[in-house]
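Everything on this sheet refers to the single structure shown next.
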Amino acid sequence: MSQSVSSRRQRLWPTNGQLVARRRRERDPVSNPVAARIFFRAFSPLNFCCCVWRKMVFTRVPYFAATTTTVGPVCHTAKSQQGLNMNPVTLSEVKPSKGAQESSNVMENQKVWVAEPTEGFILGHIVDLGSEEVTVQPVDRRFKAVNCAFDRVFPAEENDAKDFDDNCGLMYLNEATLLHNVRLRYMKDHIYTYVANILIAVNPYADIKNLYSSKCIADYRGKSIGVLPPHVFAIADKAFRDMKVLKQSQSIIVSGESGAGKTESTKYVLRYLCETGGHAAGPIESRILDANPVLEAFGNAKTTRNNNSSRFGKFIEIHFSDKQLVVGGYISHYLLEKSRICGQSPEERNYHIFYQLCAGAPEALRKQLRLGMPDQYQYLNKGCTQFFGRGASGGGLHDPLLDDAKDFARMDKSLQTFNVTEPERLSIYSTVAAVLHLGNVSFEENPDDSRGGCRVAAGSEAALAAAASLLGVNAGELQQALLSRVMQTAKGGYKGTIIMVPLKPWEATSARDALAKAVYSKLFDYIVNKINRSIPFQSSAHYIGVLDIAGFANPVLEAFGNAKTTRNNNSSRFGKFIEIHFSDKQLVVGGYISHYLLEKSRICGQSPEERNYHIFYQLCAGAPEALRKQLRLGMPDQYQYLNKGCTQFFGRGASGGGLHDPLLDDAKDFARMDKSLQTFSVTEPERLSIYSTVAAVLHLGNVSFEENPDDSRGGCRVAAGSEAALAAAASLLGVNAGELQQALLSRVMQTAKGGYKGTIIMVPLKPWEATSARDALAKAVYSKLFDYIVNKINSFEQFCINYCNEKLQMFFNERVLHDEQALYSKEGLNVPKIDYVDNQDCIDLLEAKATGIIDLLNEEGKLPKSSAAHFTAAVHQNHGQHFRLALPRRSRLKQHRELRDEEGFIVRHFAGAVCYHTAQFIDKNNDALHTSLEALMSESRNDFLQALFDGSDVNLNKGKLTYISVATKFRGQLEELMEKLHSTGTSFIRCIKPNVRMVSREFDGGAILSQLQCAGMGSVLELMQQGYPSRQSLFDMYQKYLPGKLASLNPRMFCKALFRALGLNEHDFKFGMTKVFFRAGKFAEFDQMLKSDPENLAALVKKVHRWLLCSRWKKAMWGTLMVIKLKNKIKFRKENLVIIQKTVRMHQAKKQHRPRYLGIMRIKDLKNNVSQMSRIVSQLKTNRDNSAKIVAQMDANLNSTIKKIRANPKITKKEIDKEHATLVAILNKELAALKTELEKQKSAEEQERLRKIQEQMELNRKREEEEARKKREEEENRKKKAEMEARRKKEEEEAKLSELAAKKLKIGEDALKKKEIEEDQLARQQLEQERRDHELALRLANEMGTQLSSAASTPRLARAPGIKNGTMHPNTSKHDLSKWKYSELRDTINTSCDLDLLEACRVEFHRRLKVYHAWKARNKKRNSGEETERAPPMILEAAKFVEAKLANGVGGLSVGDQRYFRIPFLRPNAEEEQTKVMVSTSGQKGWWFAHFDGQYIARQMELHDDKSPLLLVAGKDDMQMCELALEETGLTRKKGAEILEHEFEKEWTANGGQVYVRAADRAKR
């Protein structure tokens, strides 16, 4: 067997000399142009071998080898003739072959981007092709090889160090190249980048010199996008010019997360528009710009992400006249963050106005308002109380743009600009101060109130009096309104009985906070209205609106989820997935926090030098003394759950330790954590319950157990000294101490039979079992508490934020994607359709009338006994089958699955699935003030406050049925905003936050990629790749700008002439039905025509004239050339007429004299006979002299006859024939006599002569047999060709019959196919959303060193039906090749003798090639024809329309069938050259040969006159060869395409091809 394999491989594989010659031809670009093109183009078929086979060598083998650890058999060339060595060789014994290294070079040059959680995308090379995946080796060796699907691999630019102003200028448009281009520009301080007409702005966190100077504004004025580098001024100028040209109002949407630079971008847009529309700082323009300091003072605050974060959304309208002059403005505000008024997260501040008033107000004003420092007020001192600016008392915050004292002066001056009088400003400041004093009013239980009411706490009377004075109300009435609420019965008295219901302390605190929020919200509305009244407009032609929506701040979970370890003082002991949700306008509109894998074991014990969770130490160190006594807390070393680790505190002065960390202080962190809980609307009783639960866990850990000698069943008992800990734990948990003890000491078991449901048995526990039960209880209690805290954050506010996100996403889809494609279709541009996710069904789920979640929530709030469980059940009942809604137990996250069905629901938003805990939905949906508080404020002695509450409804009958819910107000604001956006043109500025540390020149690729994806940039890139983002109306353009001298031209001709004059390529623009469309960035070259500058217009007209003159001159020149050509043609005909006449005369002369010279020639031929006679005479031995005389006489007769014919021109042919016949007769007679005499003489030589004759006859016989054989072969070839033609006609007829049958079934199939496509698209959208959620979770989990839940598996995107049909087939083979590597398939095809395995490998091999080439086609370079070089275009085009119905990937041919084809092949470059010249020339044509061994191609050859032959063989050159099956190519139905085997072999051998051994012959050998 080894000898047969060896001999077979010797014939299959070329010799060393042949390999060297072939490689030399492929390697030399000069001598082999085809090899040069293949070498320098991306993705040679041998690229992926570079890394897989780097350490392997084969002598006298193809370029591929096995990749297993042992390679065998391997053939080595032996100098002796003893055969080949078939012993296995390991990888360590072999070295890289030269051929393998050369074949791998091209693949290494092809760079691709592959997804990576931290960097976003990393650069790499493809090294292997799997069944459904591709293996990529990153360039950065820090990363390991990555296996991923083709959908997550993107080709990279050839020059990855070059950046582009517009991402549409990239050769490959995808998310990876977009992110890389933004990174390159950011590192060069180019913070702005275009995606078509959308501006991406990356916050530099540093000042860039002269970026926003007045000169810069002048440079960008009147310049369209693309003329100058990207800039926010270019977007503002585009909006201004669109308003001017299109006569339509415009909107600029500035969006991004907190700290991305939205506020600054908005300022620069307003500044540009005011300077452009006003040309000078007039009163209107100045007031519009002065509105920013006022709005920032009352609506901005310091957060952990941004020192000047806008905590409200604003839509600023600048109105223009018909002459494009600023005539006024209007400001609409949305979603003011009221919760910040009463509390802030640690390290954050309240609104700037509170600190500006304390730091910058005059001393007299502060005394009048009774103001002190920020740390004196409860609404400020739980956050950061420091000032911005040097020298301000109370702190040292620094920011180059903020200074509280100076900002107060600027704000006060701006209020004067808006005609706010001094008394009005005093009333404003008094209202702000009243809010601060109101926050200092605290409450306590009233022991004298039998109804359980409360009273104002001791020490709060002064704050109450100050607040009442500043609010203009009686202090007693204010106190009464805060301590009780008014209720009115339906019956009793005239309208019912008035009842004063006393409030609990926490209820009074909530009423106080509600009043503070209402007062400040009314004040903010007043200020915005005051600004709007100061910038009025009598008439407005159009306006430009700038939308800025507030960002989202991240909550703090460190107290309950972080701990000190040996490596980190603040280590997160849980995984958290913090989602920052963006709208389709790239607005950060909310967030959601999911946590994973809380380290429960840490609760019961820690390693030495480590601590338990921070909350235990914070509670011991920072809780007030009264709270610690109530919770019976001591020091950490007193608790078993703490004293096995480190028991010291963080922070100086804390008893029990001296741990130091610049970011940790247990006492202060407790205060910050407590304040954070208040920010998330956790009431005081709820916070007390949380702290009681934490303390209960500590006390529970001190309960120990010992053997119980009195228990005969071997049970245990609570150890002596643990009774107090058990009692404390039971009290804090709210259970009976005896029941808790019983539950810890025993476990309950129930038998299957006995009693009603079985017999209950109490099984006593051993001491170690009781300890395990105690620890399990502690872990469960703390874990449930942690879930509760997270769910408190993900509640009603998150629901409203995500509702806004969905509305804005729908607007983005309609404006950027849907409307754009509809316009292309209407104008007939034939731009391919781009699919995108439509979220209308999600919006219907949220806001549908009567059945939407919002309406269901409103209806639940109106019920007498509303409950969250009933509301949740109603949601599930109405939308149980809705795709966007799901039960919590169906979530992939563990903490969601622990929720009951009536406790929440999951909504699948555009950005991902979110689980909502509905416990507080109903309460938070109602923010109405108590009637008594509204009545009190409407009767205030302060006219300013009374005016603020003048519109309030103080009807005592107001109740649940008449209130307007928070969700309803929120929906109304969104509808108003959407109406304005829909009525205007839209421009987008997407602000990007480069890193969370807010430092310059730090680029967080993963986070930025998430922002770009949520911004919808992927769909925009896909649309812009084929789209035309800029357009202009032909009629308006022609009517307004066409000079009179060119009026005779039609608009389309004039535009085309102008484009040509400006040097635009036809690919850069396209004419529609009514408009002309431009590629991204090309409108700037044409936009000069829209300017009204006469000099520019004259220059353009001059260029048009020049182009027209050049065009007409070219036409004249071509006409002249045609005339010259006609003249030469006439001359040519004249010369040839003379030749014709000469030829006719010659013919006549030949006709007359032909018999004479033919006769002379025949007579001369007789001289040969005379010569023969002379030779015979010479051979005679007797009578030679007489015979010689006779011969001489015959010669004389011949000469005399010739002279006679020459002398007589009129001699006839008959006379000549007669003379000739006479001479012949005489010669024959004499010759016969001589021969007779000679025969007698040569009788002796007869035997020799006969032998020679026999030899001659034998040669003649062989020649005749050869001729007969050739005739038989020709006849057989004719029969074979006839059979091939008959077979082709039969297949053609069958194809026609199939086509007719298919047409009959087409109607039903189309409907079914359409349904399947819709279902497939829906499934792909759903899986794409799940994949995006998983990638974000994986990236954040990698950053924090945690893991995802086991249920969170990576979703696999479903393949499109077209790809499935083209690449998948029923696996009926007995061989499972799905896990085989590409290299293993190649080696098996080259070496296997098993025909079944061989054919299965060929099917799988070519299926993977189809997937690979389909991926290349989707990601090919634009305007590139490289995809058609594997085979002639007619074959690749035919494959798109041929749906091969094959079983197991093969058609009607068996494994051993061999067919050969030849078709003309016109190279693409030759075809392009023919289209460029007008004079017809001969194209560079060639031939394409193909040999199919079974269903797939075995050999392929290209022959061109001007190029070296290109010979390709399966097993070596598969990626350069046609990967289609025979039936897919359509060659069998092409007339004249099939040829015979010897015809193919003749050309193959003539061009240096090696002998081919068929797969079927391997087994025989």
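General observations
- Among the residues of the range 1232-1270, those that are of a type in the set (A, V, I, L, M) and either open to solvent by less than 80 Å² (accessible area, probe 1.4 Å) or not in a helix (DSSP H, G or I) (or both) comprise A1232, A1233, L1234, L1238, L1250, I1253, A1268.
- Lone qualifier among Q1500, Q1495 - being surrounded by 21 or more Cβ atoms within 10 Å (Cβ to Cβ), at pLDDT 90 or above and either of a type in the set (F, W, Y) or within 39 Å of the chain's Cα centre (by Cα) (or both): Q1500
- Number of residues in the range 1174-1187 that are open to solvent by 50 Å² or more (accessible area, probe 1.4 Å) and assigned to a helix (DSSP H, G or I): the value is 7.
- Residues that are basic (K, R) and in contact with a Phe, Trp or Tyr (Cβ under 9 Å, 6 or more places away or on another chain) were ranked within the range 748-798; the one that is modelled with the lowest pLDDT is K792.
- The single condition from (1) at pLDDT 85 or above; (2) on the phi > 0 side of the Ramachandran plot that G738 fails is (2).
- Listed by first and then second residue, the pairs linking a residue in the range 963-975 that is more than 15 Å from L856 (Cβ to Cβ) to a residue that is at pLDDT 80 or above and surrounded by 15 or more Cβ atoms within 10 Å (Cβ to Cβ), with Cβ atoms under 7 Å apart and 6 or more places separating them unless they lie on different chains, are L974/K807.
- Residue check for F1071: at pLDDT 75 or above and within 30 Å of N197 (Cα to Cα): yes
- Residues that are in a loop (DSSP other than H, G, I, E, B), touching a residue at least 40 places away in the same chain (Cβ under 8 Å) and either under 19 Å from K413 (Cβ atoms) or among the aliphatic types (A, V, I, L, M) (or both), drawn from the range 368-389: L369, L371, L380
- The range 1100-1159, residues that are touching a residue at least 60 places away in the same chain (Cβ under 8 Å) and either open to solvent by 80 Å² or more (accessible area, probe 1.4 Å) or in contact with a strand residue (DSSP E or B) (Cβ under 9 Å, 6 or more places away or on another chain) (or both): W1118
- Residues that are in a helix (DSSP H, G or I) and either open to solvent by 10 Å² or more (accessible area, probe 1.4 Å) or free of Cβ contacts under 8 Å to residues at least 24 places away in the same chain (or both), drawn from the range 465-486: A465, A468, S469, L470, A475, G476, E477, Q479, Q480, L483
- Here L1009 fulfils each of the conditions (1) surrounded by 22 or more Cβ atoms within 10 Å (Cβ to Cβ); (2) out of contact with any strand residue (DSSP E or B) (no Cβ under 8 Å at 6 or more places or on another chain) apart from (2).
A quick yes/no check of all residues on (1) in contact with a strand residue (DSSP E or B) (Cβ under 7 Å, 6 or more places away or on another chain); (2) modelled with pLDDT under 85:
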{"position": "C991", "(1), (2)": "yes, no"}
{"position": "V996", "(1), (2)": "no, yes"}
{"position": "G1005", "(1), (2)": "yes, no"}
{"position": "A1015", "(1), (2)": "yes, yes"}
{"position": "V1020", "(1), (2)": "yes, yes"}
{"position": "Q1026", "(1), (2)": "no, yes"}
{"position": "S1033", "(1), (2)": "yes, yes"}
{"position": "L1042", "(1), (2)": "no, yes"}
{"position": "P1051", "(1), (2)": "no, yes"}
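- Each residue in the range 1423-1456 was checked for being loosely packed, with under 14 Cβ neighbours inside 10 Å and at pLDDT 60 or above, and 4 pass.
- Entirely in the range 144-234, the strands (runs of 3 or more DSSP E) that have 3 or more residues that are without any contact (Cβ under 8 Å) to a residue 24 or more places away in the chain, within 17 Å of Y272 (Cβ to Cβ) and open to solvent by 60 Å² or more (accessible area, probe 1.4 Å): none
- With respect to (1) at pLDDT 85 or above; (2) open to solvent by less than 70 Å² (accessible area, probe 1.4 Å); (3) in contact with a helix residue (DSSP H, G or I) (Cβ under 7 Å, 6 or more places away or on another chain), the lone exception for S867 is condition (3).
- If the condition is being hydroxyl-bearing (S, T, Y) and closer than 16 Å to E1292 by Cβ, then the range 1515-1555 contributes T1529, T1532.
- Positions within the range 715-735 being more than 59 Å from the chain's Cα centre (by Cα) and either under 28 Å from L688 (Cβ atoms) or open to solvent by 20 Å² or more (accessible area, probe 1.4 Å) (or both), in sequence order: R717, V718, A720, G721, S722, E723, A724, A727
- Considering the range 818-917, the qualifying helices (runs of 4 or more DSSP H), each wholly inside and each with 1 or more residues that are within 30 Å of L1021 (Cβ to Cβ), run over 819-827, 840-847.
- Checking each residue in the range 402-454 for being open to solvent by 60 Å² or more (accessible area, probe 1.4 Å) and not in a helix (DSSP H, G or I) picks out N419, T421, E444, E445, P447, D448, S450, R451.
- Of note, P423 satisfies the criterion of being more than 16 Å from N350 (Cβ to Cβ), modelled with pLDDT of 85 or more and either out of contact with any strand residue (DSSP E or B) (no Cβ under 8 Å at 6 or more places or on another chain) or not small (G, A, S) (or both).
- Selected residue (criterion: farthest from T1532 (Cα to Cα)) from residues of the range 1286-1312 that are open to solvent by less than 90 Å² (accessible area, probe 1.4 Å) and without any contact (Cβ under 8 Å) to a residue 60 or more places away in the chain: A1311
- Applying the criterion of being among the aliphatic types (A, V, I, L, M) and open to solvent by less than 20 Å² (accessible area, probe 1.4 Å) to the residues of the range 638-672, the residue that is modelled with the highest pLDDT is L642.
- Residue within the range 352-367 that is buried (at least 22 other Cβ atoms within 10 Å of the Cβ) and assigned to a loop (DSSP other than H, G, I, E, B) present: no
The values are calculated or read from the model by the stated rules, or taken from the named source; none is laboratory data. Being a predicted model, the structure only gives us computed values, none of them experimental. We place every Cβ from the backbone using ideal geometry, glycine too, and count neighbours over all the protein chains shown. Side chains are part of the model used for accessible areas, which takes the heavy atoms of the whole protein and leaves out ligands, DNA and RNA. Shrake-Rupley method; radii C 1.70, N 1.55, O 1.52, S 1.80 Å.
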